[in-house]
Amino acid sequence: MRNLVRENILSMKPYTASKDIAEVKLDANENPFNLFKDLKEEFVNIIENLELNRYPEIDNQCLGEKIAEYAGVKSENVICGNGSDEIIQMIIHSFVDKDDYIVIPVPTFSMYKQYTEIGGGKVLEVPTDDSFNVREDEIINIANEKRAKVIFLCNPNNPTGTIIKREKILNILNRTNSIVVVDEAYYEFLDETIIDQVNINNRLIVLRTLSKGFALAGARVGYGIGSREIIDIISKVRSPYNLSSISQALGILFLENVDRIREKIKEIKNERSYLIEEIQRLNGIYVYPSGSNFVLIKSDKAKNILSACGNEKIALRGFSDSYTNNCIRITIGKREENDKLISLIKRVV
Ligand SMILES: *Cc1c(COP(=O)(O)O)cnc(C)c1O
């Protein structure tokens, strides 16, 4: 059977996530608050009237309208995905043919590369500087030289938390001919966006998700914002009924309760300052600045910290490639979770 598999798929490793049972889960950049608990009754009322024998809205129209309102655009500028991961996939399907290039700064979110390689495209990786800042001239030069189809910029970046300055994004957009995707998965924790540019430059796509700030990772609701022209193109490769009726209903309900979500985001941002201050006091640990709901730290004792956390059932995400050697990504948790982690790190370093 293996002789039938496409060559580029045979050599790939499937995406994995830790399945260890954690008591304190700080490894996946999730929102620590289960806001569904507050909204459960309303959801039950909605569910009672759902006609689950029928297909959902084919193009997620009601959800799209709510998203448009939240993002300050028209619904023609919105496409919904089964998580924003699916929109990354749709973008690759729409623009990146076999042997076409995409450009990414590294380190960054792994799915841009993953989906490109599945499709037979090629990835040009441009290393960031020592502080994980994007090198814009290098990105522009190589994108132009190789006629890259797509440039992916993650702002703030996962896994580093680094913020990309607006001028840099605009520069990359204006000095290349590529599609520029700005992944704002962590927008709610930064409050800066480039969405205002989507109708000025039709090559720009902004990605967002309800998985992080909105505490809805389990429902898989993501979206893309772009010019009508580019949304119409990406829509051609979208699977019909890509979001279940249940996911659409949950997305709408959570967007209608954005005020509640904003309170929790404020709390997470406070916890971020607290965690950063506490860790910075310790010797031998460097904390990178973060515009997100996680922080990246670097320490010679990274392995010790990770194994101590494993023993205590605290899940963190360790990194060990050439860019992020000895780095650990810590998702901001609730106060008691953060305190548990801090006291454990104090014991190790
Ligand atoms: C979590 C994450 C996503 C994926 O979000 P989903 O909507 O859950 O698929 C996309 N981009 C980045 C950078 C992320 O960290």
*If you take the residues in the stretch 111-161 that are among the hydroxyl-bearing types (Ser, Thr, Tyr) and within 14 Å of the ligand (Cβ to nearest atom), which one is surrounded by the fewest Cβ atoms within 10 Å (Cβ to Cβ)?*
115
*Out of curiosity, is residue 190 touching a residue at least 60 places away in the same chain (Cβ under 8 Å) and either closer than 25 Å to residue 220 by Cα or more than 15 Å from the ligand (Cβ to nearest atom) (or both)?*
yes
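Go through 203, 208, 272, 175 for me and flag whichever is at pLDDT 95 or above, among the basic types (Lys, Arg) and surrounded by fewer than 18 Cβ atoms within 10 Å (Cβ to Cβ). Give the derivation first.
Details: 203 fails: surrounded by fewer than 18 Cβ atoms within 10 Å (Cβ to Cβ); 208 fails: surrounded by fewer than 18 Cβ atoms within 10 Å (Cβ to Cβ); 272 fails: surrounded by fewer than 18 Cβ atoms within 10 Å (Cβ to Cβ).
Just a single option satisfies the conditions, and that option is 175.
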*asked:* List the residue pairs whose Cβ atoms are under 6 Å apart, where the first residue sits in the stretch 218-245 and is assigned by TED's automatic domain parsing to the domain that holds residue 179, the second is more than 16 Å from the ligand (Cβ to nearest atom) and of a type in the set (Phe, Trp, Tyr), and the two are 6 or more positions apart or on different chains.
replied: 241/55
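Residues being free of Cβ contacts under 8 Å to residues at least 60 places away in the same chain and either assigned to a loop (DSSP other than H, G, I, E, B) or not aliphatic (A, V, I, L, M) (or both): count how many of those fall in the stretch 7-50.
Restricting attention to the stretch 7-50, the residues satisfying the condition of being free of Cβ contacts under 8 Å to residues at least 60 places away in the same chain are 7, 10-11, 13-14, 16-17, 19, 37, 40-41, 44-45, 48-49.
Among the residues that remain, those that are also either assigned to a loop (DSSP other than H, G, I, E, B) or not aliphatic (A, V, I, L, M) (or both) are: 7, 11, 13-14, 16-17, 19, 37, 40-41, 45, 48-49.
Within the stretch 7-50, residues that are free of Cβ contacts under 8 Å to residues at least 60 places away in the same chain and either assigned to a loop (DSSP other than H, G, I, E, B) or not aliphatic (A, V, I, L, M) (or both) number 13.
Mind checking which strands (runs of 3 or more DSSP E) fall wholly inside the stretch 54-141 and carry at least 1 residues that are more than 20 Å from residue 208 (Cβ to Cβ)? Explain how you work it out, then say what you get.
On the way: elements: 78-81, 101-106, 122-127.
Strands (runs of 3 or more DSSP E) meeting the threshold: 101-106, 122-127.
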*Mind checking which residues of the stretch 203-213 are within 10 Å of the ligand (Cβ to nearest atom) and either outside any strand (DSSP E or B) or among the small types (Gly, Ala, Ser) (or both)?*
210, 211, 212
*Among 241, 223, which is within 13 Å of residue 80 (Cα to Cα) and more than 16 Å from the ligand (Cβ to nearest atom)?*
241
*Selection status of residue 94, surrounded by fewer than 15 Cβ atoms within 10 Å (Cβ to Cβ) and in the same structural domain as residue 206 (by TED's automatic domain parsing)*: no
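The values are calculated or read from the model by the stated rules, or taken from the named source; none is laboratory data. This is a predicted model, so every value here is computed, not measured. A quick note on method: Cβ atoms are made from the backbone with ideal geometry, for glycine too, and the neighbour counts reach across all protein chains shown.
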